[in-house]
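Enquirer: Have a look at this one.
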Amino acid sequence: MVRIVGVDIPNEKRVEISLLYIYGIGSSLARKIIERLGFDPSIKMKDLSEIEIAKLNSLLQSGEYLVEGDLRRNIQNDIKRLMSIRSYRGLRHRLGLPVRGQRTKTNARTRKGKRKTVANKKKAVK
């Protein structure tokens with residue numbers, strides 16, 4: 001396995017697909033990176049030379065592309081900023097509710113978590 005930007009990349013897959021294992025790189029960005037470095041898109045990761053892997057690693061670590069830890073840190077800082085200025089989105093993040101306007105009466109279980117049943121009061125007998 002090749003290690004690029006702290007991520008283990010599978011050897012048996014094409015370079016274009018292998019780059020998708022890095023957080024922050026999607027298919028279109030992977031294609032652009034391959035084109036920029038002049039790699040053959042159909043080549044497998046195990047067929048790359050040490051020099052080519054070093055070129056790829058240095059390009060991703062140059063700071064031109066936000067990937068892995070830097071990208072995760074930026075996203076967390078953005079969320080903290082929203083929470084600190086007490087915006088509506090920040091409050092939704094703080095409360096663990098959907099941020100982008102989804103309904104919460106039903107669904108929203110990914111954000112809200114497992115259902116918590118609330119007990120009802122018994123009605124008074126007349």
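Enquirer: Fully extended, how many nm does the chain gain between residue 12 and residue 122 (0.36 nm per residue separation, minus their Cα-Cα distance)? Spell out each step's value before the answer.
Expert: On the way: separation 110, 0.36 × 110 = 39.60 nm, distance 6.35 nm.
Full extension from residue 12 to residue 122 adds 33.2 nm.
Enquirer: Follow-up. For the range 58-126, what does the convex hull of the Cα positions come to per residue, in cubic angstrom?
Expert: Details: hull volume 10.3 nm³, N = 69.
Value for the range 58-126: 150 Å³ per residue.
Enquirer: Using a 1.4 Å probe on the protein heavy atoms only, what accessible surface does residue 27 show? Give it in Å² to the nearest 10.
Expert: 60 Å²
Enquirer: Further question: Tell me the per residue accessible area of the chain using a 1.4 Å probe; a whole number in Å² is fine.
Expert: Values: 9620 Å² over 126 residues.
Value returned for the chain: 76 Å² of accessible area per residue.
Enquirer: Here are labelled values, (1) 9.4; (2) 12.7; (3) 7.3, and one is the computed mean projected area of the Cα convex hull in nm² for what I pasted. Which one?
Expert: (2)
Enquirer: Report, in listed order, any pair from 13/80; 80/114; 80/105; 32/80 with a Cα-Cα distance greater than 28 Å. Spell out each step's value before the answer.
Expert: On the way: 13/80 37 Å; 80/114 25 Å; 80/105 26 Å; 32/80 32 Å.
Distance filter (> 28 Å) returns 13/80; 32/80.
Enquirer: Which percent of the accessible heavy-atom area of the range 28-126 goes to carbon and sulfur, probe 1.4 angstrom?
Expert: The nonpolar share, carbon plus sulfur, comes to 51 percent.
Enquirer: Let me ask something else. With everything on Cα atoms, drop me the angle between helix 68-84 and the longest principal axis of the chain, reported from 0 to 90° to the nearest 10.
Expert: On a 0 to 90 degree scale, this one is about 30.
The values are calculated or read from the model by the stated rules, or taken from the named source; none is laboratory data. Everything numeric in this text was worked out from a predicted model, so none of it was measured. These accessible areas exclude ligands, DNA and RNA; they are computed on the full protein's heavy atoms, side chains included. Shrake-Rupley method; radii C 1.70, N 1.55, O 1.52, S 1.80 Å.
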